[in-house]
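> Okay, here's the structure, questions in a sec.
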Amino acid sequence: MELDEAISQIKFGNCVLFTGSGFSLGAKSISGGDILNVSGLIERFLDISGVDENRSEYDLETAAQVACGADKQRVFSELMHSMRCREVSYDHRHIARINWRRVYTSNYDNVFEVASTSERKVYRSFTVLDRAHSPEPGGNEVVHIHGYIERLSSDNFDQEFYLTDDQSRNIRFINSSWNRKFLDDLTFSDAVFFIGFSNSDFHIRKLLDSVTNLKNKIFFIVQQNPSRPSIIRLQPYGEVCPIGLTEFANRVASIRPQRRSADSLVHDCFRKKVYERVNSEDHASREQVQQEVMLGTIDEAFFTKSILYDKNRGVYIDRVSRRFSDVLNLNPKCIVFYSDIGNGKTVIANHFCSLYQGRYANVFEYNGRSYSTSDVRRFCESVESSIFLIENVSKNINLLRIISDTNNGHIIVATDRTKRLEIDWHNVRDAVPSAIKFDVNILTSNEMELMVDFLDSNILWGDYTNLSSKQQKVDFIRNRCGAEIRGILFALFDGGSVRNRVDTLFSELDSLPKDYRDLLIIVCVLNFAYTRNNLDGYLYEYEDLLDLRVSLSDFSEKINNSSIGELLDRDRGCFKFKSSVFAKYMLNSKVDISYVLDLVYRALLNLERTYRHDDVYFYRDMSKALMQYNLYREIYTRNSAKDGRLKIAKKLFEKEIHSFYDRCRHLKIAHNDPLFVIQISMAQLDGEHFEECERLIESAEAMCDSNYDRYQIETHKAEVIAKRSLVRGISPGLVSELEAFSLLKSVVERRNERYHPFGVMDVLLHVFDKNINAIMVGDDCDKAAEMMVSMIDLTNRFPNELSERYHIIRIVNRHANGILKKIGYEL
């Protein structure tokens, strides 16, 4: 993109402006002098500190550090007088009157705000300590990444400003929640203009390193006749335009806001998808089938080749045509396919679109970009009846409402993870009352038979080719694989052609340099942690997390030139595995747990050193996600495995996880945290060390003050009691079981609908099922009946809508009713 073309895009209000110290040239401070640039500030700070010799050796951070040590009050006063703006130039006013997507600035001054006020345009100002958010329609936001003079006071100087060496360690833009928003804004904008930016800001340069693919729309407006070194520093990240501030202001002075045409929105928010029909004999190769099975890549051409016209290979499309063929007769406006990670919801949704695209004019896939409600509404009204494909539907409720409200005959095909949809299904129904959902986690009997045909046809059975009859293969899928797609994938990875393909892809893992290998492993763990915890952010500074001497660009080049590059996507500067099943397989089969936990502990130590403030959500959420016991349990244990090797592996897992938690005890994030102690207890519970669990629970309770809600501790305590009874039998007089139920009942009665302990309640019901004969003797029978009645009453309090969302509520209700009948009671 050329500069003139980029400037022509400014009128649509979707361009980003970044101002450095050069932008403030020509503005006057309240003291009457010029707003100081970096070199001017250095001179003032050195005057305060009395430094006369070797002044050229001082940078801004060092000069500020020395000055604060000499007279902090004078530093504060100097900033107030030299950074607060009284007067701006017409150049500033021309630029400030524009509707920018968002303005970022490394300047402390209020030049941009004063300029916008002069144009009767009010901008809201933020710093990195404010909560990050998506840009509002119309923009009018300035983010001061190093601090803002209007927020400065003698009390908050250390927290608000990034100026001295000490402050640079305390707060950095790159460590705040704004770094993701900054990269999002760069990615989704039409063009990005840096004015007066020298690229000496290390933190911004690190972020630009991660989005070098955007350099064709990034423009650096610099002074005329810039030095050769400054050009060299900026060229890797975008086009250097030596036209100066005044010339740029003159070029944009006549720009007036303009609406974007509805058709152009296709390129902004939606991608048009076409599933082209091909010759019925043009089948996909076995390698393509393996790629689709392993990576779940969404290839429109592959769908039509191997699915629409090939019955034996058509397991996914047959799932759609057989199981969901009558869906459209219900005239729903929204269909949601949901499953756990790796069970094929995205592939199912795409196959559904490919099968039914002929009934609609278009298929549009939402790409996750921010949008204007009015623009999207106009677009939806301007196109004929279409299919809109939306992933992670619970995060896009407003988009559902917009599309549904237009009466053009559109249908929404959406996906989401099971846990998220359980919580937000009522929001989906509020937006689209006719929405229907389908659980695609478990294969039906017919689908299991189709899967057998699929695996037979493509010779994918590997080590399980000894399964001779079709029924044996169906039983294998049902019992060994849990009737889940991801379970089948893990089984296929055990041997045969799929295993060979996997080994080929991972063949270069061991030959990678150690730093690159470590980086790949931590990417894998972070992907898994984020997915499990529904975290929205991504960690861009992987190399900082492990304190490695490699850059993301070097890592990207190295990985892309290896076979492992086929497994990774690079999305807005963040590496992630295309398939979470593959990520789990790599950790499970290719990397020892001890090595992974050592890397994670290194990462936690670096997180603690980097993030000094507990209110920085990234440190808190990321650290806690990396210390979750169930994260590693899910990766390194297989519940269905019972042979001797895996018993040994389980003991090794227990040993390593206990060692990991012993080291983590000393971390600040874990200190005096009762929920960290509960993670240790969960690890002990898996090994059936019930007495140790009780001791740990007592320790966790002792850490809680009077205002602490112990619902998670109480739920875990009830689970320990229930599982102990499941292993050792019921207690005399059902004392322990009654205590467990009392804890769970208390949690249900005081927690909101987003947290409920009915899963543990079902474990307790299994205790009664297992010991039904012993319970029917003496007074235990009456106590058990009373508990069942209370449990049924508890589940009946939940409205039908919640029971529909949380299947476990209905399961507990039926289970309790069944036990009540077994012991001879009727409601």
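> Filter segment 183-240 down to residues that are among the polar types (S, T, N, Q) and assigned to a helix (DSSP H, G or I) and give me whichever is nearest to residue 368 (Cα to Cα).
187
> Which residue pairs have Cβ atoms under 8 Å apart, sit 6 or more places apart or on different chains, and have a first residue in segment 207-222 that is assigned by TED's automatic domain parsing to the domain that holds residue 9 and buried (at least 20 other Cβ atoms within 10 Å of the Cβ) and a second that is of a type outside the set (A, V, I, L, M, F, W, C) and assigned to a strand (DSSP E or B)?
Hits for this filter: 218/239; 219/239; 220/239.
> If only one of 49, 39 is surrounded by fewer than 17 Cβ atoms within 10 Å (Cβ to Cβ) and without any contact (Cβ under 8 Å) to a residue 60 or more places away in the chain, which one is it?
Answer to the selection: 39.
> Any idea which residue in segment 388-407 is surrounded by the fewest Cβ atoms within 10 Å (Cβ to Cβ), counting only those that are assigned to a loop (DSSP other than H, G, I, E, B) and over 24 Å from the mean Cα position of the chain (by Cα)?
Once the filter is applied, the top-ranked residue is 407.
> Here is a list of conditions, (1) of a type in the set (D, E, K, R); (2) buried (at least 16 other Cβ atoms within 10 Å of the Cβ); (3) at pLDDT 80 or above, and residue 508 meets all of them except one; can you say which number that is?
In the conditions (1) of a type in the set (D, E, K, R); (2) buried (at least 16 other Cβ atoms within 10 Å of the Cβ); (3) at pLDDT 80 or above, residue 508 misses (3) alone.
> If I ask for residues that are in contact with a Lys or Arg (Cβ under 8 Å, 6 or more places away or on another chain), assigned by TED's automatic domain parsing to the domain that holds residue 764 and aromatic (Phe, Trp, Tyr), which ones from segment 677-730 would you list?
711
> Moving to a separate point now. For segment 45-149, please list each of the helices (runs of 4 or more DSSP H) lying entirely inside it that holds at least 1 residues being among the small types (Gly, Ala, Ser) and more than 24 Å from residue 190 (Cα to Cα).
Here the list reads 60-83, 111-118.
> Same structure again: Hey, residue 418 hits all of (1) without any contact (Cβ under 8 Å) to a residue 60 or more places away in the chain; (2) out of contact with any Cys (no Cβ under 7 Å at 6 or more places or on another chain); (3) of a type in the set (Val, Ile, Thr) but one; which does it fall short on?
Condition not satisfied by residue 418: (1).
> Same structure again: Taking residue 585 as the residue in question, decide whether it is at pLDDT 70 or above, assigned to a helix (DSSP H, G or I), buried (at least 20 other Cβ atoms within 10 Å of the Cβ) and of a type in the set (Ser, Thr, Tyr).
The answer is yes for residue 585.
> Say whether the condition of being under 29 Å from residue 506 (Cα atoms), modelled with pLDDT of 70 or more, in a helix (DSSP H, G or I) and not hydroxyl-bearing (Ser, Thr, Tyr) is met by at least one residue in segment 322-344.
The answer is no; no qualifying residue exists.
> Next up: Which numbered condition trips up residue 770, out of (1) over 28 Å from residue 809 (Cβ atoms); (2) out of contact with any Cys (no Cβ under 6 Å at 6 or more places or on another chain)?
(1)
> Quick one: in segment 434-475, of everything that is under 28 Å from the mean Cα position of the chain (by Cα) and not in a strand (DSSP E or B), which residue is nearest to residue 340 (Cα to Cα)?
441
The values are calculated or read from the model by the stated rules, or taken from the named source; none is laboratory data. Here the structure is a predicted model, which is why all the values come from computation and not from measurement. Here the Cβ is made from the backbone with ideal geometry for all residues, glycine too, and neighbour counts use every protein chain on show.
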